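J.: Can you keep this structure in mind? I'll have questions shortly.
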Amino acid sequence: MSVGHRSWKAVATMPTTWVFAVALLARTARCVVGGGLTAPYGYDPAVYYAAAAGLVNGRVPYRDFTLVHPPGIAVLEAPFAFLGRLTTDLTGYSAASVAIIVLASLNAVLVIRVARAMGLSERAAITGGLVYAVWTNAVAFEFVGYLEPVGNFFLLCGLLAFHRALQAETPRASRLWFLCGVALGAAVCIKLWWLVPIAAFLGWQLAAERHWAPTLRIALGAGAALVVVDLPFLLLSGHEMWDSIVLDQLARTRYRPDGLEVLGYLVVGDRSYDVSTSTLRATVVLGAALLAVLLWRAWRIRAARPLVLVLLVQLLQVWFQPVWFPFYTDFVSVALCLVVAAALAQRPTRSWLPAVAVVLVAVSTSLEVAGTEAEPVFPRKELTAAVADVRCLMTDGPMAQIQLNTLSRSFQNRCPDWMDPIGRRLRHRRLFPVAEPGSEAAWSRLYTAYLTSGDAVILTRPPEEMGLAPDFLAQLERGGVIAREGRYTVYRVGGR
């Protein structure tokens, strides 16, 4: 047997390889059941890809279009947007989704690596990795370009560098502390939420562990990441960047379900919508009791204590957010799975307990995936031909432009493009609160002027959801219809 063959055989039988494969299979299955890579999933992933496309085409986030998150995601997706410019927008978007699936699967492997670096047993580390691989709220959203799986990746890289630095000699440890900071800073460059748990983690190192010099080096690394990624955009856009990612976010109108629904989703995901209130309440109580046991057992391992703190901080963040969406639950995945690993590393632990934990989570996720309804089919082929000669196609979100291959074209033609109309509305509501007389009417006029500033317009949601006038569709009908397929209509604007 050749050396190369033996090497491949060794890789194929490694537990991390199997964990990666399980994670990849779970996320791929979720993608396929939901409609495949080209399905019109969600609003946010399309906005992030469109921001990358704008960057590739010379537009500056915040200054030239709306983006309510740090620029890290636009920078990371820029290569895929460039691919989309060379091929089709949907090709670039689909490639970015594939990259997310692979990255999220790698996260499961990194959970194992971090757990082992923390000194946990191999069995406990593999259990933590498998839980990440099949946990409902990770699988449900880590197949398309949300921010959470990318932030999870950088957090795991930072934790791995941190724990390896603890075991390294001084020169190498100094480099690892700095790299830890770079990774943690990169997470903040993806989403500002990460600033809070990372501050809690570093605060623990100062207050409990007295790691003054390492924490300083970590802070320097994080600062370097922020300077490299964020500072150029801050200099180019000025106060617009601060206004968008801080002030506009803080001014969000409260929009969230009741607390029981949020907690239920954290415990069992989408299944929380299919049970009675009494059953959901019992499920939440059971989940809270199990979490308390996990936290107590994990706390007994010194290396896991900062992660217990991080998990509690993250749960509070999700709980107290004025605006809540289901994909927020993936934010806690890393800390949760490492706490599970630490709890199961404590002796005495029944030999069958890790297997039971993984099986229960896997069954829950299987039900989640099996019960997933496919996204509505977008009539891409029929409408793409109809808009082939349209110079500027205006939409209420970039997904339609991605589907119809008009996104890159609109940038090249210098068409007006807010990129994120919902984000633009946040700005309007901060400057002109809803309670002020005429605020919503002013928004309706502004948004109507934007949508009718091109040559054609297509809407993907009811006009009233975005504050448009009740007669807006009637106005568009008077301008003429270019094409209509199912619930989607391409309207001609201004008789052009």
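J.: Residues that are over 23 Å from the mean Cα position of the chain (by Cα) and buried (at least 19 other Cβ atoms within 10 Å of the Cβ): find the helices (runs of 4 or more DSSP H) completely inside segment 83-177 holding 2 or more of those.
T.: By residue number, 89-117, 122-134, 148-167.
Yes/no matrix, rows are residues, columns are (1) of a type in the set (D, E, K, R); (2) at pLDDT 95 or above; (3) touching a Ser or Thr at 6+ places or on another chain (Cβ under 6 Å); (4) under 22 Å from Ala292 (Cα atoms):
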{"site": "Phe327", "(1), (2), (3), (4)": "no, no, no, no"}
{"site": "Gln346", "(1), (2), (3), (4)": "no, no, no, yes"}
{"site": "Ser364", "(1), (2), (3), (4)": "no, no, yes, yes"}
{"site": "Leu367", "(1), (2), (3), (4)": "no, no, no, no"}
{"site": "Glu373", "(1), (2), (3), (4)": "yes, no, no, no"}
{"site": "Pro398", "(1), (2), (3), (4)": "no, yes, no, no"}
{"site": "Ile402", "(1), (2), (3), (4)": "no, yes, no, no"}
{"site": "Pro416", "(1), (2), (3), (4)": "no, no, yes, no"}
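The rows are residues; the columns are (1) among the hydroxyl-bearing types (Ser, Thr, Tyr); (2) over 28 Å from the mean Cα position of the chain (by Cα); (3) within 24 Å of Arg380 (Cα to Cα).
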site	(1), (2), (3)
Leu426	no, no, no
Arg429	no, no, no
Ala435	no, yes, no
Ser444	yes, yes, no
Thr448	yes, yes, no
Pro462	no, no, yes
Leu473	no, yes, yes
Arg484	no, yes, yes
Val490	no, yes, yes
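J.: To continue, here is another question. Give the number of residues within segment 441-460 that are in contact (Cβ under 8 Å) with a residue 24 or more places away in the chain and open to solvent by 60 Å² or more (accessible area, probe 1.4 Å).
T.: Number of matching residues: 0.
J.: Sticking with this structure for a sec: Ala187: without any contact (Cβ under 8 Å) to a residue 40 or more places away in the chain and either among the charged types (D, E, K, R) or within 15 Å of His69 (Cβ to Cβ) (or both), yes or no?
T.: Against the criterion (without any contact (Cβ under 8 Å) to a residue 40 or more places away in the chain and either among the charged types (D, E, K, R) or within 15 Å of His69 (Cβ to Cβ) (or both)), Ala187 qualifies.
J.: Suppose we filter segment 461-494 for residues that are among the hydrophobic types (A, V, I, L, M, F, W, C) and in contact (Cβ under 8 Å) with a residue 40 or more places away in the chain; how many remain? Steps first, please.
T.: From segment 461-494, those among the hydrophobic types (A, V, I, L, M, F, W, C) are 466, 468-469, 472-474, 476, 481-483, 490, 493; that's our starting set.
Next, only the ones that are in contact (Cβ under 8 Å) with a residue 40 or more places away in the chain stay: 466, 482-483, 490, 493.
Summing the residues that are among the hydrophobic types (A, V, I, L, M, F, W, C) and in contact (Cβ under 8 Å) with a residue 40 or more places away in the chain in segment 461-494 gives 5.
J.: Let me ask you something else. Checking Arg478 against (1) surrounded by 15 or more Cβ atoms within 10 Å (Cβ to Cβ); (2) over 23 Å from Met399 (Cα atoms), only one condition comes out false. Which one?
T.: Only one criterion in (1) surrounded by 15 or more Cβ atoms within 10 Å (Cβ to Cβ); (2) over 23 Å from Met399 (Cα atoms) is unmet by Arg478, namely (1).
J.: Check Ser94 against each of (1) at negative phi; (2) touching a helix residue (DSSP H, G or I) at 6+ places or on another chain (Cβ under 8 Å) and name the one condition it does not meet.
T.: So Ser94 meets the others, but not (2).
J.: Tally time: how many residues in segment 382-437 are of a type in the set (Gly, Ala, Ser), out of contact with any Phe, Trp or Tyr (no Cβ under 7 Å at 6 or more places or on another chain) and open to solvent by less than 60 Å² (accessible area, probe 1.4 Å)? Explain how you work it out, then say what you get.
T.: Let us first name the residues in segment 382-437 that are of a type in the set (Gly, Ala, Ser), namely 385-386, 388, 397, 400, 408, 410, 423, 435.
Adding the requirement that they be out of contact with any Phe, Trp or Tyr (no Cβ under 7 Å at 6 or more places or on another chain) leaves 385-386, 388, 400, 408, 410, 423, 435.
Subset that is open to solvent by less than 60 Å² (accessible area, probe 1.4 Å): 386, 388, 400, 408, 410, 423.
Residues meeting the conditions: 6.
J.: Provide a single number: the residues in segment 58-84 that are farther than 25 Å from Val188 by Cβ, in contact (Cβ under 8 Å) with a residue 40 or more places away in the chain and either among the aliphatic types (A, V, I, L, M) or in contact with a Leu (Cβ under 9 Å, 6 or more places away or on another chain) (or both).
T.: Residues meeting the conditions: 1.
The values are calculated or read from the model by the stated rules, or taken from the named source; none is laboratory data. The shown structure was predicted, so the numbers you read here are calculated from the model rather than taken from an experiment. We place every Cβ from the backbone using ideal geometry, glycine too, and count neighbours over all the protein chains shown. The area values use the complete protein model at the heavy-atom level, side chains included, leaving out ligands, DNA and RNA. Shrake-Rupley method; radii C 1.70, N 1.55, O 1.52, S 1.80 Å.
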